[in-house]
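Beneath this line is the structure, given in structure tokens, with notes to follow.
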Amino acid sequence: MSVRVRIAPSPTGDPHVGTAYIGLINYCFAKRNGGAFVLRIEDTDQTRCTPESAQAIFDSMKWLGLRYDEGPDVGGPHGPYVQSERVKLGIYRTYADRLVEQGDAYYCFCTPAELEAMKARQRAANQPIMYDRRHRGIELSEAKARAAAGEPYVIRMKAPLEGEFVYKDRLRKQAVAKPWKDIDDQVLLKSDGWPTYHLAAVVDDHLMGITHVIRAEEWLNSLPKHIWLNEHLGFTPPEYVHVGLLRNADKSKISKRKNPTSLLWYRRQGFLPEALLNFLALLGHSFPDGREKFTLAELQAVFELDRINVAGPVFDLQKLRHLQGQYFRELEPEKMLSEVHRAVDARFSALLPLFKERMTFGGDFIWQAEPFYADSVSPHAEDLVPKGLDRQHARLLLEQVQLTLKNYAALEQAVWDAPHLDGVVRTLIEERSAIVEGDSPEKQALAKLWQPKTLFMVLRVALTGKRESPPLFDTIAQLGSGKTIERLGVAQQKLR
RNA sequence: GCUCCCAUCGUCUAGAGGCCUAGGACACCAGAUUUUCAUUCUGGCGACACGAGUUCGAAUCUCGUUGGGAGUACCA
């Protein structure tokens, strides 16, 4: 039987780098074995899934060059490849009903509040947290009557109460063994009539002829349920293989907060798909000859599923950058030119209006806009200190403004545009000016410091490294909060 | 709490009982090339978590400890 594998991402939010990682492994495994690679969209959570998100997954996979043989937008003999469409076909309901008729699943009428209370009690008693199976014994006829009367219900699997579940994952040293009594009566069909992941995935993997389910380790715990479902539905289970989870630097599961996880971000940032793929491949797989730079074609030629490392690798952006540099410098001149154009164009239209009245030649844009493209600027210390004032004054000013903007940026409803920033800074000026009323020399110096024309120049130099720039608040707005705050800090260092 | 998984330099990894005084890559440090920077090249720093056991011999096998991670949803 020929190999068929799949990735089954859920279209919530941005396409995830973990999807690319698992996708790459599945893709290589399929290609290496002359099999098929399928993309299926798992959108059974009506509250979280969006079509835009699904589209972004298609686009990202294609961008990376992970071409799927079957999928929502390319079709195939096992469609539809979107679960919400399959729900409408009644596919999952049929299988859920079959389990109920067989006595392998049952109606449960617990309310969310009831379930919550159950959990709280178990937590308090240091008991394992799981459904207490209170509706397990309900008569089917009674259950059906209540359901027919409109009472909300879910369908739960009737997990075995004794015996042991054993499964050997080819990548793990020892077989997974777990007593059945520790396995929850998982909900299979939700009260909205839609299937949970567990039911939908098992049914679809079967219907789509999937032979190997290669997925992340986070699924290992639900493996018994999936095997059980296969068996009780009369399917031959695919082989399940669990690979390690991508990690943050602190070893926790990779997350948005601690790492860029959106594939869209990498693309926008200018990462080359070849570099990203190469990097991802290095996390967990290795070439027998130790080669670290290779194409997708080279990888799929030697790929060995059994060489995959299951310990979750830390996602090291620095190494990705290094690879990216290698690939970038090798680019054909035309390709490199278009990458540079892309990078410039990304900000060009937003920036151009700021320079319109300042330019004499088109080329003036190059040096005038430089601070907006650069990673950092290097203001001269002497330019940061206004005439008649000293370094401490300038530093104090930078510190106060930095703090104010930092606090503002942290606000949830903060709008980072020129009018708002103008307001924020002018409020600060008013506060400061009020405090320094008086006629001692020091008070006069401070009064001068907090005059807009003095202070604007200090900020301008700190932010752009130049004494001339577009209007200050347009500059701050374009720079964005991150660079603004960073550059205000760097300027303070210069004054030490 | 309960259940499960994992464990070689800071990070990604090679290593499937003697080839290991543990190899490579990123990062870091030093030097060379470069007017500068980057690239490139050379060198350096740096790890088998710990403890028992099996064995003539253990990074490699077993057990325990410790550490880390995941799951514990009518999310996937």
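Values in this text are rule-based calculations from the coordinates and carry no lab data. Being a predicted model, the structure only gives us computed values, none of them experimental. Heads up, the Cβs are rebuilt from the backbone with ideal geometry, glycines too, and the neighbour counts pull from every protein chain shown.
Quick notes on this structure:
- Label zone (A:Asp73, point 7 Å along Cα-to-C-beta; backbone nitrogen cut-off 17 Å) within segment A:31-47: A:38-43.
- Linear extension gain, A:Arg136 paired with A:Thr360, 0.36 nm per residue minus alpha-carbon span: 72.5 nm
- Placing dummy labels 7 Å off each Cα toward the beta-carbon, the span from A:Ile129 to A:Gln392 is 5.6 nm.
- Less than 5 angstrom separates the built amide H of A:Leu189 from those of A:Ile155, A:Thr196, all sequence-distant by 5 or more or on a different chain.
- Helix A:472-494 axis, angle to chain A major axis (alpha carbon atoms, nearest 10°): 80
- Degrees, to the nearest 10: A:51-64 long Cα axis against longest axis of chain A: 80
- Between A:Gln102 and A:Lys62, the distance separating the two model label sites (each 7 Å from Cα on the Cα→Cβ line) works out to 4.0 nm.
- A dipole drawn for chain A from +1 and -1 charges on Cβ atoms has a positive end, and of A:Tyr68, A:Pro379, A:Thr19 the residue lying farthest that way is A:Pro379.
- Segment A:41-93 versus segment A:229-252: alpha-carbon centroid distance in Å: 20
- Gain on full stretching of the segment that runs from A:Leu337 to A:Lys178 - 0.36 nm per residue minus C-alpha separation: 51.5 nm
- Rg/Rh (Cα only; Kirkwood hydrodynamic radius) as it applies to chain A: 1.09
- FRET efficiency for the pair A:Arg307 and A:Ser378, taken as 1/(1 + (r/R0)^6) with r the Cβ-Cβ distance and R0 = 41 Å, rounds to 0.30.
- Amide N of segment A:350-367 lying under 16 Å from the label point, which is placed 7 angstrom from the Cα of A:Glu468 along Cα→Cβ: A:354-367
- Amide H contacts of A:Arg67 (H built 1.01 Å from N, in plane; Pro and chain starts excluded): no residue 5 or more places away or on another chain comes under 5 Å.
- Radius 11 Å from Cβ of A:Arg133, net charge of other residues (Lys, Arg +1; Asp, Glu -1): +2
- Quarter of the Cα convex hull surface for segment A:365-496, i.e. its orientation-mean projected area (nm²): 7.7
- Taking Cα atoms only, the orientation of helix A:391-410 departs from the longest principal axis of chain A by about 30 degrees.
- Kirkwood radius and radius of gyration were both taken over the C-alpha atoms of segment A:90-243, and their ratio Rg/Rh is 0.97.
- Dividing the helix sum by the residues of chain A, where each DSSP H run of 4 or more adds -39500 (n - 2.57), gives a mean residue ellipticity at 222 nm of -15500 deg cm²/dmol.
- Proximity of backbone amide H atoms, modeled 1.01 Å from N, is registered between A:Glu239 and A:His212, A:Val213 at under 5 Å, excluding neighbours fewer than 5 places apart on the same chain.
- This model, with +1 at the C-beta of Lys and Arg and -1 at the C-beta of Asp and Glu, gives segment A:4-129 a dipole about its Cα centre of some 400 debye.
- DSSP loop GluC sites (Glu not before Pro) with at most 10 other Cβ within 10 Å: longest gap in chain A: A:163-411
- By the compact-protein rule of thumb, 2.2 N^0.38 Å, the alpha-carbon radius of gyration of segment A:234-296 corresponds to a ratio of 1.46.
- Fully extending the segment from A:Ser222 to A:Leu161, taken as 0.36 nm per residue of separation minus the present Cα-Cα distance, adds 20.3 nm.
- 28 Å Cα-Cα threshold exceeded, pairs from A:Lys448/A:Lys494; A:Lys406/A:Lys443; A:Lys173/A:Lys256; A:Lys173/A:Lys258; A:Lys62/A:Lys258; A:Lys335/A:Lys494: A:Lys173/A:Lys256; A:Lys173/A:Lys258; A:Lys335/A:Lys494
- For segment A:118-126, putting each phi into the Karplus relation 6.51 cos²θ - 1.76 cosθ + 1.60 with θ = phi - 60° gives couplings of 4, 4, 4, 4, 5, 4, 4, 8, 6 Hz, in residue order, rounded to whole numbers and with x for Gly and Pro.
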